[in-house]
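Trainee: I'd like to ask you about the structure that follows.
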Amino acid sequence: MGTTASVKLDHPMFAVLKSAMPGKRFRGTEYRGTSTVVVEPGDLHEVLAFLKNDARAGFNFLSDIGGIDYLGYPAKMPGRFAVVYNLVALERDDRFFVKVYLDPSIPTEGIAEDPALYLESCCDLWAGAEWMEREVFDMFGIRFRNHPDLRRILTWEEYPGHPLRKDYPLRGRGERELYRVLDRTDA
């Protein structure tokens, strides 16, 4: 496993993953005691399933899924978008992060479906992933194959974009102007 800095990766999961999946490409980082393995998008589901089901790993709780947009980030990143999975092994109070990078293949200003922004859903591994994946889809436009109900969760279905993308206009795209202003007498 490569690392972004010349530090020794101490978390035991790095060695476990490398030995269990010798053909896979992994990168690992540790920052302030937080360990993250970076996987290829096509390997994500297999790695998550291994980390949940293998006795050496036992990450039985998915704490969170988050999206990141690296547009304008000062350092060169492997992709514009990242999805991060926060896994916890409850028996030993151990936390481990799995990150995957995605690069859009079409301009991201609208709501067009980009075939490069797809990941495999992990709802079959953790039922609680359903709403978290919906939030990442709604806010960043990253879609999840085999998701049981992939639709917007924080905005309405016809919302004209994905608001946490850094190229989304700060004042919106006119959605405020579409609605009549209500005052206290209308309520």
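Taken together, the values in this text are just the output of simple stated rules run on the coordinates, not laboratory data. This is a predicted model, so every value here is computed, not measured. All Cβ positions, even for glycine, are placed from backbone atoms using ideal geometry, and neighbour counts span all protein chains on display.
Trainee: Could you list, in sequence order, the residues of segment 128-142 that are under 15 Å from GLY161 (Cβ atoms) and assigned to a loop (DSSP other than H, G, I, E, B)?
Mentor: Within segment 128-142, GLY141, ILE142 qualify.
Trainee: So in segment 91-149, with the set limited to residues that are farther than 30 Å from GLY33 by Cβ and of a type in the set (Lys, Arg), which one is farthest from the chain's Cα centre (by Cα)?
Mentor: The extreme case among them is ARG145.
Trainee: Need a quick list: strands (runs of 3 or more DSSP E) entirely within segment 1-99 having at least 1 residues that are touching a residue at least 40 places away in the same chain (Cβ under 8 Å) and in contact with a Lys or Arg (Cβ under 7 Å, 6 or more places away or on another chain). Let's see the steps before the verdict.
Mentor: Values: elements: 27-31, 34-39, 61-69, 81-89.
Of the strands (runs of 3 or more DSSP E) lying wholly inside segment 1-99, those with at least 1 residues that are touching a residue at least 40 places away in the same chain (Cβ under 8 Å) and in contact with a Lys or Arg (Cβ under 7 Å, 6 or more places away or on another chain) span 34-39, 61-69, 81-89.
Trainee: List every residue pair whose Cβ atoms lie under 7 Å apart, where the two residues are 6 or more positions apart in sequence or sit on different chains, the first residue falls within segment 108-127 and is over 26 Å from ASP167 (Cβ atoms), and the second residue, located anywhere, is of a type in the set (Gly, Ala, Ser).
Mentor: CYS122/ALA129; CYS123/ALA129; LEU125/ALA49
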